[in-house]
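**Q** For reference, the structure I am asking about is given below.
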Amino acid sequence: MSGLSKWATTKRHKAAVDSKRGKIFSVISKEIMLAARESGGDAEFNPRLRTLVLKAKQANMPADNVERAIKKGTGELEGTTIEELLYEGYAPGGVGLIVEVTTDNKNRSAAEVRSTLTKGGGNLAGAGALSYNFKRKGQFLIAKDKINEDPLTELGLENDAEDIIIEKDHYEVLCEVSAFDKLSQALESAGVSPDSAELVYLPENLVSVMEEGVVHQILRLIDSLEDLEDVKAVHSNYDIDEALIEAHVSK
């Protein structure tokens, strides 16, 4: 999904955040558990955990929830085993989808993702069918009223940003996965709170979709997938006119 498309999606998600707050907390809790399990529960020595704790604060997630998720991850509290999974599929129009899942029941997740794809006019693909066309990157989306271009460019250059794309009302900052935590910390230290800070799958090649009906099918399917409890994120290689995306967002 392009920075423009992700920006429109981010605005929509912020408008609906109250209705999805339980889902957002659940997703962040699972990520925190995984980060704590892999590298320990001390955020000072666990960059990924530190970034997730900041993400939890930005989502107004209660501190007790954060602490409980950390302790489940380190084994101090009993918790379920969380797995990270990746599903690949097709939406209408031949558009590719990468679906990231964090779950305690992979059979349930697989069934829900497959069913949602089918009902939305798409289908589940085999492992590796689409992932070759996507690159894993760190992506930060920042509203222009939060920082000027020159200081952002300087900050990015000093902290291993790969590219800074200037859009009409926001910046898209990209980096390698290895630089994500460093750049996230630098933004935090500068007092800049990104509207979105994620590890994403960016497509190498795009599929152009011009027909309005197919566009709405694709975006409805992505909405349905993102509403699933275990789905962390959905990435796509669609190329859709921004006006059609905005029209969908406003509905």
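The values are calculated or read from the model by the stated rules, or taken from the named source; none is laboratory data. All figures in this text were calculated on a predicted structure; none of them were measured in a lab. Backbone-built Cβ (ideal geometry, glycine too); neighbour counts: all protein chains shown. The protein model used for the area step is the full one, side chains on, heavy atoms only, and it has no ligands, DNA or RNA in it. Shrake-Rupley method; radii C 1.70, N 1.55, O 1.52, S 1.80 Å.
**Q** Looking only at the stretch 136-156, which residues are over 18 Å from the mean Cα position of the chain (by Cα) and not in a helix (DSSP H, G or I)?
**A** ILE147, ASN148
**Q** I need the full set of residues from the stretch 99-115 which are open to solvent by less than 70 Å² (accessible area, probe 1.4 Å) and either in contact with a helix residue (DSSP H, G or I) (Cβ under 6 Å, 6 or more places away or on another chain) or not in a loop (DSSP other than H, G, I, E, B) (or both), in order please.
**A** Residues satisfying the conditions are VAL99, GLU100, VAL101, THR102, THR103, SER109, ALA110, ALA111, GLU112, VAL113, SER115.
**Q** Here is a further query. Looking only at helices (runs of 4 or more DSSP H) that fall completely inside the stretch 1-98, which ones have 3 or more residues that are under 30 Å from TYR171 (Cβ atoms), open to solvent by less than 20 Å² (accessible area, probe 1.4 Å) and modelled with pLDDT under 85?
**A** Filter on the stretch 1-98 gives 3-15.
**Q** Count, please, the residues in the stretch 164-173 that happen to be without any contact (Cβ under 8 Å) to a residue 12 or more places away in the chain and either surrounded by 12 or more Cβ atoms within 10 Å (Cβ to Cβ) or among the hydroxyl-bearing types (Ser, Thr, Tyr) (or both).
**A** 0
**Q** Within the stretch 116-128, can you find the residues that are closer than 19 Å to ILE240 by Cα and open to solvent by 40 Å² or more (accessible area, probe 1.4 Å)?
**A** GLY121
**Q** All but one of (1) of a type in the set (S, T, N, Q); (2) buried (at least 17 other Cβ atoms within 10 Å of the Cβ); (3) under 21 Å from the mean Cα position of the chain (by Cα); (4) closer than 27 Å to ASN46 by Cα hold for ASN159; which doesn't?
**A** (3)
**Q** For the stretch 197-231, give me each residue that is of a type outside the set (Gly, Ala, Ser), in contact with a strand residue (DSSP E or B) (Cβ under 7 Å, 6 or more places away or on another chain) and over 25 Å from THR80 (Cβ atoms).
**A** Matches in the stretch 197-231: VAL200, TYR201, LEU202, PRO203, GLU204, LEU206, VAL207, VAL209, VAL215, ILE218, LEU221, ILE222.
**Q** What is the residue count in the stretch 200-246 for residues that are of a type in the set (A, V, I, L, M, F, W, C) and without any contact (Cβ under 8 Å) to a residue 12 or more places away in the chain?
**A** The qualifying residues number 1.
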